[in-house]
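J.: Below is one structure. I have some questions about it.
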Amino acid sequence: MKRILAWTGLMAIGIGLIAGFVIGVILSYADDGADAEPVAVPVLQNAHPASPTPPADARPDEQRGDPPPIDALALLDAEETVTAQIYEQAGPSVVHITSRSEVYDFWRGVVPQEGTGSGFVFDTEGHILTNNHVIAGAEEIEIVLADGRTLPAQVTGTDAYYDLAVIQVDAAEIADLTPLPLATGTPLRVGQRVLAIGNPFGLDRTLTTGIISALDRIIESESGSVIGNAIQTDAAINPGNSGGPLLNTRGQVIGVNTAIQSVSGGSVGIGFAVPISVAQRIVPDLLAFGSYPHPSLRIEVRELGYEVRPGDNMPQQGLLITALDANGPAGQAGLIAAETRRQGWSTVYTGGDILTAINDQPLHTRDDLTLFLETNTLP
């Protein structure tokens, strides 16, 4: 029994010595690590590391590095800045036009009628350019400026064919407004960015942006006439935008917003503007005479192949003259109209001259003739 106790005591002493040695070693390593350098964590490398920077005198073909990244945010900010500046400069010169008249209603008798549209300051004499259909038939016209002022306006000149009109207010009342610059001789391109300012649905000075979707479109105006070389744009144009300016990114007027093509009556991305070149051609006459004289041959025609079935020995396309004014340009030139007679339910034309071209420009429809005369000739 004594031997067992002795061996037990020796074992306890040995275990204590070993435990103390181990603890001492651990504490020793802990003290040494307090002043050691931290372990460096390896940095994860990009799967496609950047190429080394080429020397400053390296030729372009020796520079193999990737191009510097484009700052998309900076580009967006620049574009927004240009748009905002154009609106700030042009916006005050765009006016809200209200026209009032009285119409007869079968149930209510004579009732007041009101229409709205847009226009913009054209010169320093108080003239404002707008659409003819905005003020057509109006007995009273007033404009509202950006600062809320309301001014009466009078009609100076109108042209239903091109759907353009000029109204005038007291020049002194708008002396603080700058006439919008016109894009004279500036070529237009499909894809070019444009801005439209107007008063859609009575919401004053609304800005929309888009691009030129197409050029040289032929559209029908409110009067039923055709307008050539019209600008098509996807900038949102709604009722009330009529008469407002279509601007380029220089803040210059390239067109007068006039119509939309829509089943619902709202914008579906197809809007049209009368080119400012057309306005520059006819506005001087509107200011001087109140109207624009349109060129005409003083004839009536029928379209071959569509309205008239041509004979085998006749041109298959062209315009058959069916009536003319003997004192008009065509009559003085010696052209002859066809003779007309009824045969059952049909109309038969005999004789008469056929216009197939004008100055080597082929004529297929009466619109071809009208657009040529409007673009290239004067009365």
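The values are calculated or read from the model by the stated rules, or taken from the named source; none is laboratory data. Here the structure is a predicted model, which means the values were calculated and not measured. Cβ sites come from the backbone with ideal geometry, for glycine too, and all protein chains shown count toward neighbours. Remember, those area values only see protein heavy atoms, side chains included, never the ligands or the DNA or RNA. Shrake-Rupley method; radii C 1.70, N 1.55, O 1.52, S 1.80 Å.
J.: Which log10 I(q)/I(0) values does the range 122-254 give at q = 0.10, 0.14, 0.19 Å⁻¹ under the Debye formula, counting every alpha carbon as one identical point scatterer?
T.: Summing over Cα pairs of the range 122-254 leads to -0.34, -0.69, -1.29.
J.: Multiply the residue separation of GLU114 and ARG341 by 0.36 nm, subtract the distance between their alpha-carbon atoms, and state the gained length in nm to one decimal.
T.: 76.9 nm
J.: Give the accessible surface of the range 248-379 per residue, rounded to a whole number of Å², with probe radius 1.4 Å and ligands, DNA and RNA excluded.
T.: 57 Å²
J.: Looking at the P(r) of the range 90-154, how many percent of alpha-carbon pairs lie beyond 17 Å?
T.: Considering the range 90-154, 43 percent of its Cα-Cα pairs are separated by more than 17 Å.
J.: Any chance you could check the Cα centroid distance between the range 121-145 and the range 276-337 for me, in angstrom?
T.: 31 Å
J.: Next up: When you take every Cα atom in the range 230-372, what is the radius of gyration, and what is Dmax, the widest Cα pair distance, in Å?
T.: Radius of gyration, then largest Cα-Cα span, for the range 230-372: 20.5, 62 Å.
J.: If N is the number of residues in the range 301-379, what value comes out of its Cα radius of gyration divided by 2.2 N^0.38 Å?
T.: Compared with the compact-globule rule of thumb, the range 301-379 sits at 1.13.
J.: When the accessible area of the range 334-379 is computed with all protein chains present and a 1.4 Å probe, what percentage of it is carbon and sulfur?
T.: 51 percent
J.: Then there's this: Mind giving me the FRET efficiency for GLN154 and THR356? R0 is 56 Å, r the Cβ-Cβ distance, nearest 0.05 is fine.
T.: After rounding, the FRET efficiency stands at 0.75.
J.: Here is a follow-up. Report in % the part of the accessible area of the range 175-252 that belongs to carbon and sulfur, leaving out ligands and nucleic acids; probe 1.4 Å.
T.: The computed percentage sits at 48.
J.: I've got another one for you. What is the magnitude of the charge dipole of the range 147-194 about its Cα centre, with +1 placed on the Cβ of each Lys and Arg, -1 on the Cβ of each Asp and Glu, and no other charges, expressed in debye to the nearest 20?
T.: 360 debye
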